[in-house]
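Chemist: Here it is, the structure, as structure tokens.
Read-outs: derived from the displayed coordinates by stated rules, not from any lab. All figures in this text were calculated on a predicted structure; none of them were measured in a lab. So basically every Cβ, Gly included, is an ideal-geometry build from the backbone, and we count neighbours across all protein chains shown.
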Amino acid sequence: MQLISKLPNVGTTIFTRMSQLAAEAGALNLSQGFPDFASPPALLEAAVRHLQAGHNQYAPMTGLPRLREQVALKVAGLYGRRVDADNEVTIVPGATEAIFCAVQALIRPGDEAIVLDPCYDSYEPAVELAGGRCVHVPLQLPDFAVDWQRLADAITPRTRLILINSPHNPSGALLSAADLDQLAALIRERDIWLISDEVYEHLVFDGVAHASVLAHAELYQRAFVVSSFGKTYHVTGWKTGYVVAPPALTAELRKVHQFVTFVAVTPLQHALADFMAGHPEHIAELPAFYQAKRDLFCARLAASRFSFTPAPGTYFQLADYSAIRPDLNDVQMAEWLTREKGVAAIPVSVFYQQPPTEMRLVRFCFAKREETLCAAGEKLAAL
């Protein structure tokens, strides 16, 4: 018997490959997006407390009521939207699972989903497994802005879904409130749904406010908005996130979710609910916390031959290496940096269906301790 792959063009993700290469080479790992510093002590203490209290059995499929209520309070406080914690908030084991379930709920064989390149690598496999097809619309360089005419031209009668991501991975670019208005006007008369990937919602810098679909009355009515506790609370290994969506969409999401993982990890949900209730200052302080890391890394990078613009959001910094090794494509450059120079990065081309041939960009993660960023900056400045 011969097994025919449903994902013949998919291999091991670049994140796994580069982290493994970094470990083998003993390199500073600025590739995969996770912190190398401690999580908030009060959050860890709460997790231990709930583990020891015996909160180790299934939670409700939709998530612990206490945690869903905390999410609803946060959404109301930050974005002015009052959502029903019972019918519009679902706790999930990670944003990737959330996106997968939302795609399965929406896409049928023959449907098209528009993604904006460069885009996160889980989007297209989810669409393909649902029997759909991704239509890739490149963002405009150098600032990764939406080409609205090109997006409009990509819409066909088969378009069922548009996936957006702001703050944007890998570029750090932001969608503005005006961008959301333009998107609303574009799809107003069409039967098109949205998935808004907002996992870096609190990592927006230089005094700019995050423009969330949750704050857009028109777009929210047709959207799944996905966020991540892991990114917000420095616990990416907890793989816990949530989805906010109108009741009808939430009901369809949950139909899929209950047969994929059924439920997120119970004691971690308890811990997150405790921490959100007891430490609302964490979210308020997060932009400045990560902006300081961005600025430190960029100050060190300024002494190098890389060219860059400080990232407006996320904890990723893009850097152009054209003045250093223009003979290498970005995959080769990332491998060379890791093996030969001791700093691991992610090539940006992997986020594209068809990357621009002239592009020479790598992505560094600055969610790291000061000493890690300074050591990496010293190595990069020596190139």
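Chemist: Helix-derived [θ] at 222 nm for the chain: sum -39500 (n - 2.57) over DSSP H runs of at least 4, divide by residue count, nearest 500?
Modeler: -11500 deg cm²/dmol
Chemist: What does the extension gain come out to for residue 218 and residue 259, with contour length at 0.36 nm per residue minus their alpha carbon separation?
Modeler: 11.7 nm
Chemist: Oh, and also: Can you compute the FRET efficiency between residue 13 and residue 45 using 1/(1 + (r/R0)^6), with r the Cβ-Cβ distance and R0 = 45 Å? Round to the nearest 0.05.
Modeler: Efficiency at R0 = 45 Å is approximately 0.85.
Chemist: Here is a further query. Which residue, 154, 277, 53, has the most motion in a Gaussian network model of the chain that connects Cα atoms within less than 10 Å?
Modeler: In this elastic network of the chain, the residue with the biggest mean-square fluctuation among 154, 277, 53 is 53.
Chemist: Further, regarding this structure: When the chain is modelled as a GNM with alpha-carbon springs shorter than 10 Å, which of 22, 273, 184 fluctuates the most?
Modeler: Looking only at 22, 273, 184, the largest GNM fluctuation is found for 184.
Chemist: Between residue 339 and residue 117, how many nm apart are label points set 7 Å from Cα along the C-beta direction?
Modeler: Result for the modelled spin labels: 2.7 nm.
Chemist: I need the calculated FRET efficiency for the pair residue 2 and residue 179, taking r as the beta carbon distance and R₀ as 30 Å, to the nearest 0.05.
Modeler: That gives a FRET efficiency of 0.05.
Chemist: Quick one: what are the phi-derived ³J(HN,Hα) couplings along segment 131-139, Karplus 6.51/-1.76/1.60 with θ = phi - 60°, whole Hz, x for glycine and proline?
Modeler: Karplus-based 3J(HN,Hα) across segment 131-139 equals x, x, 9, 7, 10, 9, 10, x, 6 Hz.
Chemist: Build a GNM of the chain with springs between Cα atoms under 10 Å: which of 14, 162, 195 gets the top mean-square fluctuation?
Modeler: The residue with the greatest mean-square fluctuation here is 14.
Chemist: Within the set 6/368; 293/341; 6/341; 239/341; 6/231; 255/368, which residue pairs have Cα atoms separated by over 27 Å?
Modeler: 6/368; 6/341; 239/341; 6/231; 255/368
Chemist: Another one. Within segment 185-220, which GluC sites (Glu not before Pro) sit in a loop by DSSP and count at most 15 neighbouring Cβ atoms inside 10 Å?
Modeler: Passing sites in segment 185-220 are 189.
Chemist: Under a crude label model (7 Å from the Cα following the beta-carbon direction), how far is residue 108 from residue 133 in nanometres?
Modeler: Each label point is offset 7 Å from its Cα along the Cβ direction, giving 1.8 nm.
Chemist: In addition: Grab the Cα-Cα distance for residue 378 and residue 84, subtract it from 0.36 nm times how many residues apart they are, and report the gain in nm with one decimal.
Modeler: Contour length minus the Cα-Cα distance gives 100.9 nm.
Chemist: A follow-up question, please. Using Cα centres only, tell me the gap between segment 1-39 and segment 241-292 in whole Å.
Modeler: For segment 1-39 versus segment 241-292, the Cα centre distance is 25 Å.
Chemist: Moving to a separate point now. Relative contact order for the chain using alpha-carbon pairs under 8 Å, separation at least 6, rounded to a whole percent?
Modeler: With pairs under 8 Å counted, the relative contact order is 25 percent.
Chemist: Can you classify segment 57-278 as rounded, prolate or oblate using the Cα gyration tensor, where a ≥ b ≥ c are the square roots of its eigenvalues, rounded means a/c under 1.5, and otherwise it's prolate if a/b beats b/c and oblate if not?
Modeler: Since a/c reaches 1.5 and a/b is larger than b/c, the shape of segment 57-278 is classed as prolate.
Chemist: Less than 11 Å Cβ to Cβ from residue 319, Lys/Arg counted +1 and Asp/Glu -1: what total charge do the surrounding residues give?
Modeler: +1
Chemist: Continuing with the same structure: Quick one: which residues, 5 or more positions from residue 169 or on another chain, have an amide H under 5 Å from its amide H? H modelled 1.01 Å from N in the peptide plane, none for Pro or chain starts.
Modeler: Under 5 Å from the amide H of residue 169: no residue qualifies.
Chemist: Next question, about the same structure. Assuming 0.36 nm per residue, please report the length gained on full extension of the stretch residue 370 to residue 279 beyond their Cα-Cα distance.
Modeler: Value of the extension gain: 30.4 nm.
Chemist: Continuing with this model, one more query. For segment 57-278, what is the relative contact order in percent, using Cα pairs closer than 8 Å and at least 6 residues apart in sequence?
Modeler: Worked out over segment 57-278, it gives 29 percent.
Chemist: So how strong a dipole does the chain carry about its Cα centre when Lys and Arg Cβ are +1 and Asp and Glu Cβ are -1, to the nearest 20 debye?
Modeler: 520 debye
Chemist: Report, in debye and to the nearest 20, how large the dipole of segment 57-278 comes out about its Cα centre when Lys and Arg carry +1 and Asp and Glu carry -1 on their Cβ.
Modeler: Magnitude of the dipole: close to 560 debye.
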